[in-house]
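K.L.:
Before anything else, here's the structure in question.
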Amino acid sequence: NKNYPAMSVYSPVNDSANRLINFYTLNGTGPTERGFISWDNSGATMTYGTTSDGRLKEVTGEAPGMEFISKLKPVSGETDSRIEAQQVLQAYQEVQATPVGVYVPNDPQKEHYQLDYGLLITPLIKAVQQLAARIEEMENR
């Protein structure tokens, strides 16, 4: 059984890939790529890729949309504006959807909640679609 690194770092090469870091999970047949960080040849664009292959997913229903997004209340702090992970977790629970992108610490007294903001894109897209449908319906009256 060959050992594969969980992460690899590549030197820049002159092609379109320019992968800096690859992320893998291991299974019985070897590593499966789960994501990567790369850049374009100009160095102006960084790409953070996450596996999103439909062949790897089991659709269990529709993503939450407005009913979820409307429960989020962005706040401003001294250094940034944000949505708190605990609030996102609560909103998912209120709409009875599986929470994604929220890290709940084992010991909240010693660790912090974390949020992957990129995973809010799907409910945001769904919310925009729902709003567009409402607008179209109102325009057709």
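The values are calculated or read from the model by the stated rules, or taken from the named source; none is laboratory data. Just so you know, these numbers come straight off a predicted model, no measurement behind them. FYI the Cβ positions are ideal-geometry reconstructions off the backbone, even for glycines, and counts take in every protein chain you see. These accessible areas exclude ligands, DNA and RNA; they are computed on the full protein's heavy atoms, side chains included. Shrake-Rupley method; radii C 1.70, N 1.55, O 1.52, S 1.80 Å.
K.L.:
Only one of these conditions is not met by ILE121: (1) free of Cβ contacts under 8 Å to residues at least 60 places away in the same chain; (2) in a helix (DSSP H, G or I); (3) surrounded by 15 or more Cβ atoms within 10 Å (Cβ to Cβ). Which number is it?
P.N.:
(3)
K.L.:
Against the definition (under 30 Å from THR32 (Cβ atoms), of a type outside the set (Phe, Trp, Tyr) and modelled with pLDDT of 90 or more), how does LEU56 come out, yes or no?
P.N.:
no
K.L.:
For VAL75, only one of the following conditions fails: (1) exposed (fewer than 13 other Cβ atoms within 10 Å of the Cβ); (2) hydrophobic (A, V, I, L, M, F, W, C); (3) in contact with a strand residue (DSSP E or B) (Cβ under 7 Å, 6 or more places away or on another chain); (4) modelled with pLDDT of 95 or more. What is its number?
P.N.:
With (1) exposed (fewer than 13 other Cβ atoms within 10 Å of the Cβ); (2) hydrophobic (A, V, I, L, M, F, W, C); (3) in contact with a strand residue (DSSP E or B) (Cβ under 7 Å, 6 or more places away or on another chain); (4) modelled with pLDDT of 95 or more applied to VAL75, the lone miss is (4).
K.L.:
Let me ask another. Given the criteria out of contact with any Gly (no Cβ under 6 Å at 6 or more places or on another chain) and surrounded by 14 or more Cβ atoms within 10 Å (Cβ to Cβ), does VAL102 qualify?
P.N.:
Judged against the criteria, VAL102 is a match.
K.L.:
Follow-up. Kindly list, by first and then second residue, each pair from a residue in the range 28-49 that is within 21 Å of ILE121 (Cα to Cα) to a residue that is modelled with pLDDT under 80 and assigned to a loop (DSSP other than H, G, I, E, B), limited to pairs with Cβ atoms under 7 Å and residues at least 6 apart or on different chains.
P.N.:
Correct list of pairs: SER38/ALA17; SER38/ASN18.
K.L.:
For the range 39-53, what are the residues that are modelled with pLDDT of 80 or more, open to solvent by less than 100 Å² (accessible area, probe 1.4 Å) and either part of a loop (DSSP other than H, G, I, E, B) or touching a helix residue (DSSP H, G or I) at 6+ places or on another chain (Cβ under 8 Å) (or both)?
P.N.:
Scanning the range 39-53 gives THR51, SER52, ASP53.
K.L.:
Among the residues of the range 77-97, which ones are under 21 Å from ALA63 (Cβ atoms), without any contact (Cβ under 8 Å) to a residue 12 or more places away in the chain and assigned to a loop (DSSP other than H, G, I, E, B)?
P.N.:
GLN96
K.L.:
Then there is this: State the number of residues belonging to the range 11-33 that are surrounded by fewer than 14 Cβ atoms within 10 Å (Cβ to Cβ), within 20 Å of the chain's Cα centre (by Cα) and either closer than 12 Å to TYR48 by Cα or modelled with pLDDT under 80 (or both).
P.N.:
Within the range 11-33, residues that are surrounded by fewer than 14 Cβ atoms within 10 Å (Cβ to Cβ), within 20 Å of the chain's Cα centre (by Cα) and either closer than 12 Å to TYR48 by Cα or modelled with pLDDT under 80 (or both) number 1.
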